[in-house]
1. Would you point out which residue out of Leu72, Leu51, Leu103 is within 11 Å of the ligand (Cβ to nearest atom) and of a type outside the set (Lys, Arg)?
2. Can you tell me which residue in the range 189-238 is surrounded by the fewest Cβ atoms within 10 Å (Cβ to Cβ), limited to those that are among the small types (Gly, Ala, Ser) and at positive phi?
3. Within the bounds of the range 168-186, is there any residue that is within 16 Å of the ligand (Cβ to nearest atom), out of contact with any strand residue (DSSP E or B) (no Cβ under 9 Å at 6 or more places or on another chain) and in a loop (DSSP other than H, G, I, E, B)?
4. Looking at the structure I just gave you, is Glu112 part of a loop (DSSP other than H, G, I, E, B) and out of contact with any strand residue (DSSP E or B) (no Cβ under 7 Å at 6 or more places or on another chain)?
5. Taking only pairs six or more apart or across chains, which ones have beta-carbon atoms under 6 Å, a first residue in the range 62-87 that is farther than 16 Å from Gly233 by Cβ, and a second residue that is among the hydroxyl-bearing types (Ser, Thr, Tyr) and within 15 Å of the ligand (Cβ to nearest atom)?
6. Any idea which residue in the range 34-48 is surrounded by the fewest Cβ atoms within 10 Å (Cβ to Cβ), counting only those that are away from the ligand (no atom under 13 Å from the Cβ) and part of a loop (DSSP other than H, G, I, E, B)?
7. Could you run through the range 11-33 and say how many residues are over 12 Å from Ser82 (Cα atoms) and either near the ligand (Cβ under 10 Å from one of its atoms) or not in a loop (DSSP other than H, G, I, E, B) (or both)?
8. For the range 77-99, check the following and say yes or no: at least one residue is under 14 Å from the mean Cα position of the chain (by Cα) and farther than 20 Å from Pro175 by Cβ.
Amino acid sequence: MSAATRAGSQPAGSLPTGAVAISGLVVETDERDPRALVDGVDLAVAPGEALGIVGASGSGKSLTLRAVLGLLPGGTRVSAGSAEVGGRAGMVFQDPQTALDPLTRVGTHLVEALRARDAEQRIRAGRGALRARALALLDRVHLPDPERAFRAYPHELSGGQRQRVVIALALAGDPDALLCDEPTTALDVTVQRRVLAELDELRRERGLTLLFVSHDLAVVAALCERIAVMDRGRVVETGTIEQLQRDPRHPATRALLAAAPRLPRLEPDGDAP
Ligand SMILES: Nc1ncnc2c1ncn2[C@@H]1O[C@H](COP(=O)(O)OP(=O)(O)OP(=O)(O)O)[C@@H](O)[C@H]1O
């Protein structure tokens, strides 16, 4: 999907492929007496960079990410500034249930996504070729039995497997940037670590830009070289995890550090629970 949300009059599409640019972004409630939910956010992500947005619940992380995708929820709107991504964006959200139609087999989801991407490039592949590409994607995200997963309905897979399917689905669109909103929050800690390792590997392999939202500083620190801390609709501090740990300046940063005393490293082991 190519996504751009803008309130200004600049021409779209001038960003380098994979770059994300958020500039003076204000998201308000869509009321006569509007309230600012995101209040002047500036963030730039270079192609191939991983930026984490971390903050307490309600700080405006999801709305910022959704503004980049042009997918703000009803009742909210961009009232100033802009948020855009250069090239195609793939998204991975918290709840695989919402990304996967329960009545549609995993293979069908993937084949449709691949066909849509082909159509953008005016390519028409046959069923067999699409199926082979779908199976390769399921294999790529380390699903233990791609053939079985291809035939399965979403509820027939574990939570970790479903989230891998969602990642495969995002990859089917051949994204330049991957935008993730709490993609592992619903998973238990071991599975969470493996899915994060998977995202990290994909990112390095494909040179993907990553914009990753979480309330959990440990998760963001494991994956992202730069971290933006949000509080009440604003970015209050930005830095590497080392900088934030050494010299946290904002109370919101200190609170997040206190909630994540141990900052884990990723430990990929190839297993797919
Ligand atoms: N559709 C909506 N209409 C009105 N207010 C909304 C809407 N969606 C979100 N908000 C409000 O905007 C603020 C920011 O929400 P957002 O979802 O971006 O927070 P968040 O940091 O992602 O939190 P969480 O970690 O809980 O998802 C919150 O106060 C929330 O209540």
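Just so you know, all these numbers are worked out from the coordinates, no wet-lab data involved. The structure displayed is predicted, hence computed values, not measured ones. In this analysis, Cβ positions are derived from the backbone assuming ideal geometry, glycine residues included, and neighbour counts consider all displayed protein chains.
1. Details: Leu51 fails: within 11 Å of the ligand (Cβ to nearest atom); Leu103 fails: within 11 Å of the ligand (Cβ to nearest atom).
Going through Leu72, Leu51, Leu103 in turn, just one is within 11 Å of the ligand (Cβ to nearest atom) and of a type outside the set (Lys, Arg): Leu72.
2. Gly207
3. Pass one, the range 168-186, residues within 16 Å of the ligand (Cβ to nearest atom): 179-186.
Among the residues that remain, those that are also out of contact with any strand residue (DSSP E or B) (no Cβ under 9 Å at 6 or more places or on another chain) are: 186.
Next, only the ones that are in a loop (DSSP other than H, G, I, E, B) stay: 186.
Looking through the range 168-186, at least one residue is within 16 Å of the ligand (Cβ to nearest atom), out of contact with any strand residue (DSSP E or B) (no Cβ under 9 Å at 6 or more places or on another chain) and in a loop (DSSP other than H, G, I, E, B).
4. Details: part of a loop (DSSP other than H, G, I, E, B): no; out of contact with any strand residue (DSSP E or B) (no Cβ under 7 Å at 6 or more places or on another chain): yes.
No; evaluated as a whole, the condition is false for this residue.
5. Close Cβ pairs satisfying both conditions: Gly70/Thr5.
6. First, the residues of the range 34-48 that are away from the ligand (no atom under 13 Å from the Cβ): 40, 42-48.
If we keep only those that are part of a loop (DSSP other than H, G, I, E, B) as well, we get 46-48.
Working: Ala46: 13, Pro47: 17, Gly48: 16.
Result: Ala46.
7. Residues that pass the stated criteria total 4.
8. Among the residues of the range 77-99, not one is under 14 Å from the mean Cα position of the chain (by Cα) and farther than 20 Å from Pro175 by Cβ, which makes the answer no.
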